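Working notes for the structure below.
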Amino acid sequence: MAGHGRTGGQTHWEDRYDGTRPEELSWFEARPDLSLDLITERVGPEAGVIDIGGGASRLADCLLARGYVDVSVLDISTTALAKAQERMGGQAAQVAWIAADITAWTPPRRFDLWHDRAVFHFLTDAGGQRAYLAAMAEALRPGGHAIVMSFAEDGPESCSGLPVRRYAPEEMAETVADLVPGAFRPDGAGRFTHVTPTGAEQRFQYSLFRREPSG
């Protein structure tokens, strides 16, 4: 997945990345094609894009290669961010790197698109979910886009030693509507299968939202 982040605390995720090559982690993607398609269908290269739980993902590299000029990556693990910066070399200076727990983060600006490939499903209590969604609402400009991916209802019950909450797209839409009423409207959904580096298949869903002018 495009990084995880993060229940389990910062120590859990630092330990998960420390001493392990990103290519060996279950969420690794050599090329995040679905994320790229969903992003580029919705915003152009001038848009502000933030990747939540981006960690050592290659999404930032791919966005820069497509001409995107305002890319931010947020992750609770400084180790994951450091590995991404080392991989990108001089290009890393073109990305804003944010070390933060998404449930305790105050966005300093507005973005056009919020992307999360595998963070929200780690938030298994309403308090963490509400804090995440409040940050998402604060971070997006009116009319902005959110892409929230999670394990589907038939996906894994845990990941990286932590429990997760699985969602059908309808359940994701209901959760967002219940916890941040009036902030977002659904804008599409779908399913996909991620194949891990060891060949295991993981069922995912993605839910798309638009930020309402008020709420």
Notebook entry, point to check: Among D33, D51, D61, whose mean-square fluctuation peaks in a Gaussian network model of the chain (Cα, cutoff 10 Å)?
Noted result: D33
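Can you give the FRET efficiency for A96 and E46, using 1/(1 + (r/R0)^6), R0 = 25 Å, r = Cβ-Cβ distance, to the nearest 0.05?
With R0 = 25 Å, the Cβ-Cβ based efficiency is 0.95.
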Checklist line | Cα gyration tensor shape of segment 32-94, rounded if a/c is under 1.5, else prolate or oblate by comparing a/b with b/c | finding: prolate
Item checked: Kyte-Doolittle at least 1.0, axis length at least 18 Å by Cα - qualifying DSSP helices, the chain -> none
Next item on the list: For segment 54-64, just list the computed ³J(HN,Hα) in residue order, Karplus coefficients 6.51, -1.76 and 1.60, θ = phi - 60°, integers in Hz, with x standing in for Gly and Pro.
Entry: x, x, 9, 4, 9, 4, 4, 4, 5, 5, 4
Notebook entry, point to check: Which one of G144, G90, G48 has the biggest mean-square fluctuation once the chain is modelled by GNM with Cα springs under 10 Å?
Noted result: G90
Next item on the list: With a probe of 1.4 Å, find how much accessible area the chain has per residue, and write the answer as a whole number in Å².
Entry: 40
Next item on the list: For segment 88-160, give the percent of accessible area contributed by carbon and sulfur heavy atoms, probe 1.4 Å, rounded to a whole number.
Entry: 48
Item checked: Charge sum, other residues only, whose C-beta stays under 9 Å from G155's C-beta, Lys/Arg counted +1 and Asp/Glu -1 -> -1
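The values are calculated or read from the model by the stated rules, or taken from the named source; none is laboratory data. Given the structure is predicted, the values throughout are model-derived calculations rather than measurements. Neighbour counts run over all protein chains shown; Cβ positions are idealised from the backbone, glycine included. Protein only, heavy atoms only, side chains kept; ligands, DNA and RNA dropped before computing areas. Shrake-Rupley method; radii C 1.70, N 1.55, O 1.52, S 1.80 Å.
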